[in-house]
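To start, the structure under review is shown below, and the notes come after it.
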Amino acid sequence: MSDEEVTTLGRPAGARTAPRQAPGGAGPGAERATAAALTTPRAPAQPAWLGPVLIVGIVLAALNLRPAITSLGALFEETRTGLGMSGAVAGLITSVPALCFAVFGITAPRLSRRFGPAAVVCAGMAAVATGLLIRPFADNAAAFLAASALSLAGIAVTNVLLPVIVKRYFPDRVGTMTGLYSMALAAGTSLAAAATVPMTAALGGSWRTGLLVWAVLALAAVLPWLPIARASRRAERAAVAQEAAARGAVPGPVRADTGPKVVRSRTAWALACYFGLQATGAYITMGWLPQIFRDAGVSASTSGVLLAVTMVMGVPLAFVIPGLAGRMKNQGAIAATLGLFGLVGYLGLYLAPVAGAWAWALLLGVSNCAFPLVITLIGLRAKSPAGVVKLSAFAQCTGYLISIPGPLLIGTLYQHSGGWDLPLALMAGLLVPQIALGILAGRDRTIEDECGMRD
């Protein structure tokens, strides 16, 4: 990365540079343009470390977006017993992540306008670390739930704002950078699911220690965002002063660009519903796939490995898919292909769950990579950082609300039907509208165009 690229990364999107004199000084107003160029303050060049530290910060933040959830899942039985949770409270805790992502994620646009996205991500990582530090020491279910909610609130705002950070500082590499942090997110998810139990055993066997260890990774994520937030704030203030000077006004508070009204955009609604259906499929897979294999006759240990295979598939593909999507004008074909992989996987689970278990796990792992695709689409379907903020918040908050009933409905069907035929039919059926919505969301258009906003 060249120094020129780093300087460009440090300048928020929309910041204007001083006017240049026409070649030879010719043309009407050339003297006035020259005078303006001499008197208008230029935004200071950002330090060379900003670009690399941004990349490190994005990767570390993404690594911490799921361990708070999957580490608890690995030790859920021990945690329930240790805190004396009732079945109702345990059920509430399993539904809290999606609810928190929806409720707290909707605050991200306002916080971003007030403090800047980098500062909010920094605070979000601090909230994640604080919650993970507190909850292992909780002595009752209510305190544990409150500490978990604090971590989930930090994850929620970071979920929304990481696409904004990518769009603002890497506008020409949205696909590549989205792939990088999607891969880190998938790696963090898989690592916490696979490593929590062995680490707990190695550290003495206490579930409290097993949960506490993930606070270390969250604390590490706070460190790069401290200087990033300071540098971003200085750049934003310089851009405001430069804008005011260019207008001949005294620098002062300016009205933030609130972006387009996303509820008027059909693409935004398609993207939100697509997000919701892919999240529904992912939560159903994480929650019920091992049980499907066990009921078919696969051993408990092998069923756990099959789930790990499904989740690990997201690590390489989370990097490949956004990069491919970023090079295409229309991403509908990718959405359709991922959906078809899922349909084949569910059909296989219905016809031959044991004989083809490894193949179905792989196919469902590919299908679940709709998540990095939808995150990439958020960055591509809006022109401005303000638009990305609103689209990201709208798509994720609406999507997570849509995803809440899915796992509960599958469990209810399983309980009342006594088998997996009806649940599998529903899981496959949900992929049909998901494919259609993915094709709509993948069309080459932006929410600003649909809302009638000018560049």
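The values are calculated or read from the model by the stated rules, or taken from the named source; none is laboratory data. All figures in this text were calculated on a predicted structure; none of them were measured in a lab. To get the accessible areas, we keep the full protein, side chains included, count just its heavy atoms, and leave off ligands, DNA and RNA. Shrake-Rupley method; radii C 1.70, N 1.55, O 1.52, S 1.80 Å.
Tabulated data
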{"item": "Candidate residues Trp420, Trp225: accessible-area rank, largest first, probe 1.4 Å", "result": "Trp420, Trp225"}
{"item": "Area of Met183 that stays accessible when all protein chains are in place (1.4 Å probe, Å², to 10)", "result": "60"}
{"item": "Alpha carbon centroid spacing (whole Å) that separates the stretch 344-358 from the stretch 56-81", "result": "29"}
{"item": "Zero-based 5 Å bins, Cα pair distances in the stretch 340-455, whole percents", "result": "2, 10, 16, 19, 17, 12, 9, 7, 5, 2, 1, 0"}
{"item": "Accessible-area composition of the stretch 167-207, carbon plus sulfur, in percent [1.4 Å probe]", "result": "66"}
{"item": "Spread of Cα-to-Cα distances over 10 Å intervals beginning at zero, given as percent, for the stretch 127-190", "result": "21, 36, 26, 13, 3"}
{"item": "Rg/Rh ratio calculated on Cα atoms of the stretch 277-362 (Kirkwood radius)", "result": "1.02"}
{"item": "For the stretch 62-170, accessible area per residue (1.4 Å probe, heavy atoms of protein chains only), Å²", "result": "34"}
{"item": "The stretch 127-203-the stretch 422-445 distance, computed between alpha-carbon centres (Å)", "result": "27"}
{"item": "For the stretch 383-435, alpha-carbon Rg over 2.2 N^0.38 Å", "result": "1.60"}
{"item": "Projected area averaged over orientations for the stretch 98-159, convex hull of C-alpha atoms, nm²", "result": "3.9"}
{"item": "Within the accessible area of the stretch 308-455 (1.4 Å probe), percent carbon and sulfur", "result": "70"}
{"item": "Protein-only accessible surface order, largest first, of Val121, Val432 at 1.4 Å", "result": "Val432, Val121"}
{"item": "Long-range Cα-Cα pairs in the stretch 411-455 (distance over 14 Å), rounded percent", "result": "65"}
{"item": "Heavy-atom accessible area ranking, 1.4 Å probe, most first, across Trp207, Trp49, Trp288", "result": "Trp49, Trp288, Trp207"}
{"item": "Equivalent ellipsoid dimensions for the stretch 194-236 as semi-axes, Å, which come from the Cα gyration tensor, largest first", "result": "35, 8, 6"}
